[in-house]
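The values are calculated or read from the model by the stated rules, or taken from the named source; none is laboratory data. Everything numeric here is computed off the predicted structure, so don't read it as measured data. Cβ sites come from the backbone with ideal geometry, for glycine too, and all protein chains shown count toward neighbours.
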Amino acid sequence: MNDDTFVPRRSTPPLTAVLGVVVPLPEPWAQLFVDWRGKVGDPQANVVPPHVTLLPPTEVPVADRAAISAHLAEVARAHPSFDMHLAGTGTFSPVSDVVFVAVARGIGNCELLANDVRQGPLARTLSFPYHPHVTVAHDVPADMLELAYSGLADLSAEFRVEHFTEFEQTPGGAWAIAREYPLTGPPR
C-alpha cells in the first residue's frame, strides 16, 4: 500500500507578479524618509523603500518577466544618469491625503524615463497624471499630514541618479529588489 499522506506537496507557482519601477533614494536621504514616515505613523514606513515612482505597482504575467527585463535594460541604455534635487513639500489633497517632497530638479528626466518604462510589456495607463515625488505621509490623520508637510518644508536633498530599480512585491506585501538597471545612455 502506498500512503503519501506525509509527502510534502509543491505549491503551484504564481502566474502573476506585482512589479514597480522606481528611482531609489540613496543614503542618508533614504533613512531620513523612513524615519519621517514612521514618525507620522505611516503604515508603509518600513514596507516601501523611499523612492520616486516610474511605474506604479503593476500586475504582470510571470511568463513575461524575461521580456520585461529586456525592455527595462533597453530603457536604461537609452537614458543618461542625471542630477536630482528634492526640495520642499506638497500635497495631493483634496484628491488624496498624501504629503510628498517635490522633485525640484530631474523632473524631465523622470518623466522621460517613466514614459519609456510604461511601453512594450509594461504598457499601461495611469489613474492620475504622472507627477514625480517622494511620498512622506499617506493614510495618516490630518495632524500627522500637517507635521510631515511643515517638518520637511525646508528639506533640500541633492544626489546623482545612476540607475533605476525594479521591485517585486512579496506575498507579505513588502517590496524586494528584483534588479537594478544602470543608466548608461548618452548625455542629452
Report summary line: Of (1) closer than 21 Å to Asp139 by Cα; (2) exposed (fewer than 15 other Cβ atoms within 10 Å of the Cβ); (3) at pLDDT below 95, Pro8 fails just (1)
Query raised in the report: Which condition does His163 not pass, out of (1) in contact with a helix residue (DSSP H, G or I) (Cβ under 8 Å, 6 or more places away or on another chain); (2) farther than 18 Å from Gln44 by Cα; (3) buried (at least 18 other Cβ atoms within 10 Å of the Cβ), if it passes all the others?
Result: (3)
Query raised in the report: Which one of these does Thr53 not meet: (1) at pLDDT 95 or above; (2) β-branched (Val, Ile, Thr); (3) surrounded by fewer than 15 Cβ atoms within 10 Å (Cβ to Cβ)?
Result: (3)
Query raised in the report: Between residues in the range 85-100 that are over 12 Å from Val136 (Cα atoms) and residues that are at pLDDT 95 or above and of a type in the set (Lys, Arg), which pairs lie under 8 Å by C-beta distance while being six or more apart or on different chains?
Result: His85/Arg105
Requested in this report: Tell me which of these Pro94 doesn't satisfy, since it passes every other one: (1) outside any helix (DSSP H, G or I); (2) modelled with pLDDT of 95 or more; (3) not charged (D, E, K, R).
Outcome: (2)
Query raised in the report: Based on what the data block shows, is Thr89 out of contact with any His (no Cβ under 7 Å at 6 or more places or on another chain) and within 20 Å of Pro26 (Cα to Cα)?
Result: yes
